1. Determine whether residue 28 is farther than 18 Å from residue 14 by Cβ and not in a helix (DSSP H, G or I).
2. Working carefully through the options 38, 20, find the one that is exposed (fewer than 11 other Cβ atoms within 10 Å of the Cβ), more than 10 Å from the chain's Cα centre (by Cα), acidic (Asp, Glu) and under 17 Å from residue 93 (Cα atoms).
3. Quick check on the stretch 43-53. Is at least one of its residues more than 12 Å from residue 92 (Cβ to Cβ) and not in a helix (DSSP H, G or I)?
4. Identify the single condition in (1) part of a loop (DSSP other than H, G, I, E, B); (2) of a type outside the set (D, E, K, R); (3) crowded, with 17+ Cβ neighbours inside 10 Å that residue 68 does not satisfy, given that it satisfies every other one.
5. Can you name every residue in the stretch 1-33 that is in contact with a Lys or Arg (Cβ under 9 Å, 6 or more places away or on another chain) and closer than 21 Å to residue 82 by Cα?
6. Anything in the stretch 36-69 that is of a type in the set (A, V, I, L, M, F, W, C) and under 15 Å from residue 80 (Cβ atoms)? List them, or say none.
7. Just one of 26, 10, 77 is basic (Lys, Arg), farther than 14 Å from residue 91 by Cα and buried (at least 16 other Cβ atoms within 10 Å of the Cβ); which is it?
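The values are calculated or read from the model by the stated rules, or taken from the named source; none is laboratory data. Worth saying up front: this structure is predicted, and the values here are computed from it rather than measured. Every residue, glycine among them, receives a Cβ derived from its backbone with ideal geometry; neighbour counts consider all protein chains shown.
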Amino acid sequence: MKGRTGDKTRLQHILDAICEIENYIRNISIHEFSKSSEKKFASVKQLEIIGEAASKIAKETKSDYPEVEWIKIIALRNILVHEYYVIDETIVWN
């Protein structure tokens with residue numbers, strides 16, 4: 001069973017990944033982002049981490065935060081991992 005202690009760690013991983021993405025794209029435009037394979041790859045990787053961590057969070061914790069779109073977060077991770085060849089840079093940027 002997934003525990004809330006583990007959830008705290010996973011939620012911290014999500015926050016850390018968000019901070020990393022913010023650092024990657026700080027002060028750049030979508031055009032610059034599109035031209036940087038490193039920034040795109042790093043951002044996608046962090047989004048995968050967010051989705052994976054979200055998928056491991058207990059149902060009870062998710063129900064405490066119904067405003068978070070858990071299913072969409074996890075679905076995005078699955079697309080990024082399994083359908084990497086159709087990733088839309090604009091969606092990643094947004």
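1. Taking the combined requirement at face value, the residue satisfies it.
2. Answer to the selection: 38.
3. no
4. Checking residue 68 against (1) part of a loop (DSSP other than H, G, I, E, B); (2) of a type outside the set (D, E, K, R); (3) crowded, with 17+ Cβ neighbours inside 10 Å, the one that fails is (3).
5. 17
6. Start the filter on the stretch 36-69 by keeping residues that are of a type in the set (A, V, I, L, M, F, W, C), which leaves 41-42, 44, 47, 49-50, 53-54, 57-58, 68.
Correct list: 41, 42, 44, 47, 49, 50, 53, 54.
7. Only one candidate passes the filter, namely 10.
Listed here are the residues, each with its yes/no results for (1) modelled with pLDDT under 95; (2) closer than 22 Å to residue 61 by Cα.
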| position | (1), (2) |
| --- | --- |
| 3 | yes, yes |
| 11 | no, yes |
| 16 | no, yes |
| 24 | no, no |
| 29 | no, no |
| 38 | no, no |
| 44 | no, no |
| 47 | no, yes |
